[in-house]
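Asks: I'd like to ask some things about the structure below.
The values are calculated or read from the model by the stated rules, or taken from the named source; none is laboratory data. All figures in this text were calculated on a predicted structure; none of them were measured in a lab. Because the Cβ atoms are built from the backbone with ideal geometry, glycine has one as well, and the counts that use them run over all protein chains shown. SASA here: full protein model, heavy atoms, side chains in, ligands and nucleic acids out. Shrake-Rupley method; radii C 1.70, N 1.55, O 1.52, S 1.80 Å.
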Amino acid sequence: MDLSFDAKFYLVVLILIPSFWIFLYLLSGLYANVYRKSRIAEIKQIFYTVLIGVLILFFTILLKNVIINYKTYYFALSVLFCMQFVLTSAAHIFLTTSTNRKIHNREIGFNTILIGSNVRAMQLYDDMQSQSASSGNNLVGFVHVDSGNGLTSELSAKLKHLGELENIREIIHRENAEEVIIAIESSEHIHIERILNKLSDTRMVIKIIPDMYDIITGSVKFSAINDAPLIVVSKDVLEPKQVILKRAFDIITSLFCLIVLSPVYLIIAIIIKMTSKGPVFYSQERIGLHAKPFTIYKFRSMYHGSEKNGPALSSKDDNRITPFGKFLRKSRMDELPQFFNVLIGTMSVVGPRPERRFFIDQIILRNPQYTYLHKIKPGITSWGQVKYGYAENVEQMVRRMKYDILYIENMSFLLDIRIIIYTVLIVFQGRGK
């Protein structure tokens, strides 16, 4: 049976519109953190998302197919908005209410570790246990910060003692924990930075018991009336829509470069093979998102076997670098194979340069904040890379880290574009090192 043009058009529309709404809700973050939703915040999120979606559909589809006069403009727009908003809100409120009820009844919970063992930890434990409606924190045990634990024995009688702060990462993995609550005394606040540094590259939700000063200055935000007053340290650097946009940009850019620059890849591969013995590509284990190791790929710029005596950073006059390798490194063209890393998702186009565990351990001894860089994917280029290029020693790595942290704190699509432009200029001008 042959379908008319209009029938085919509406058939395509029927398929595309549901996909459009799913993508828009995904982009707005409506499907993120489904167990930690506020109904009021969710309705507000749905309102703005539906408003944007309806306007897009109205001006792309309905305006040229349905509208007859000006009165029907507002009527069609209102009906479309109301139907979409009411139906979507009703479904989400039902699901969120059902989920919240299970959390309040302790049918659903998040394994939570309490850091602290003195008076404040004890008070928080008693407050959470006495709540008629659970906030979702299933306390699996506590960790002590140092030897000054006045109420350790009393708290141990009620809650399992899991160990000390130095082993917090192993404890989190062992207990399959999702959240950490820092409940230390005011006299122990010197440890907060150390605690946050140990947890910065994990996916934990971190909460801190506030002082009265924090409450007065508005640092404490309530997500529910029954919840204990806690400061929530965000575990995500980017909002869901930013994550999707950044990933989409990475995929498009990496596909473009891998396809368009394929002749360049071939030429570089032939020259490497003709000018020095060894493989064309060089692979190495680096540390990426959430401190997970991955394999990075580069064009080989050094003589084969140059690190047989162990890890070593390159310098300006490094005799391990081949003559053609010097050109590759100055032009940054040795990094081109990393677009494959970007395509498979272990790297991004823009992000802090990934390092080896051997050097990361040395950097952390000088500046523990380095672990903060593991909150996002490493990149082919970065703000620090533009400023410093290849680091020749650990001291330069530490200085470069400052710019990478600034990048994370100011991440945006426009900033990524600026960094890419500067990188392209360095490639064409051969100013890399």
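Asks: Of the residues in the range 42-61, how many are under 30 Å from residue 106 (Cα atoms) and either within 22 Å of the chain's Cα centre (by Cα) or open to solvent by 80 Å² or more (accessible area, probe 1.4 Å) (or both)?
Replies: Summing the residues that are under 30 Å from residue 106 (Cα atoms) and either within 22 Å of the chain's Cα centre (by Cα) or open to solvent by 80 Å² or more (accessible area, probe 1.4 Å) (or both) in the range 42-61 gives 3.
Asks: Is one or more of the residues making up the range 19-39 of a type in the set (A, V, I, L, M), more than 19 Å from residue 240 (Cα to Cα) and either loosely packed, with under 11 Cβ neighbours inside 10 Å or modelled with pLDDT of 80 or more (or both)?
Replies: No, that holds for no residue.
Asks: Only one residue in 195, 172, 251, 215 is open to solvent by 50 Å² or more (accessible area, probe 1.4 Å), in a helix (DSSP H, G or I) and either closer than 15 Å to residue 142 by Cβ or modelled with pLDDT of 85 or more (or both), so which one is that? Break it down into steps so the answer makes sense when it comes.
Replies: Details: 195 fails: open to solvent by 50 Å² or more (accessible area, probe 1.4 Å); 172 fails: open to solvent by 50 Å² or more (accessible area, probe 1.4 Å); 215 fails: either closer than 15 Å to residue 142 by Cβ or modelled with pLDDT of 85 or more (or both).
None of the other options fit; the residue is 251.
Asks: A follow-up question, please. Which of the residues that make up the range 283-309 are in contact (Cβ under 8 Å) with a residue 60 or more places away in the chain and either in contact with a helix residue (DSSP H, G or I) (Cβ under 7 Å, 6 or more places away or on another chain) or farther than 18 Å from residue 203 by Cα (or both)?
Replies: Of everything in the range 283-309, those that are in contact (Cβ under 8 Å) with a residue 60 or more places away in the chain and either in contact with a helix residue (DSSP H, G or I) (Cβ under 7 Å, 6 or more places away or on another chain) or farther than 18 Å from residue 203 by Cα (or both) turn out to be 284, 285, 286, 287, 289, 290, 291.
Asks: So in the range 387-433, with the set limited to residues that are polar (S, T, N, Q) and more than 28 Å from residue 318 (Cα to Cα), which one is most open to solvent (accessible area, probe 1.4 Å)?
Replies: 410
Asks: OK, next. For the range 293-313, does any single residue satisfy the condition of being among the hydrophobic types (A, V, I, L, M, F, W, C), in a loop (DSSP other than H, G, I, E, B) and exposed (fewer than 14 other Cβ atoms within 10 Å of the Cβ)?
Replies: yes
Asks: Could you tell me which numbered condition residue 178 fails, if it satisfies all but one of (1) at pLDDT 85 or above; (2) farther than 21 Å from residue 237 by Cβ?
Replies: Here residue 178 clears every test but (2).
Asks: On to the next question. Scan the helices (runs of 4 or more DSSP H) fully inside the range 321-433 and keep the ones with 2 or more residues being among the acidic types (Asp, Glu).
Replies: Hits in the range 321-433: 394-409.
Asks: Name the residues in the range 357-386 that are among the basic types (Lys, Arg) and either surrounded by 22 or more Cβ atoms within 10 Å (Cβ to Cβ) or touching an Asp or Glu at 6+ places or on another chain (Cβ under 7 Å) (or both), would you?
Replies: 375, 377
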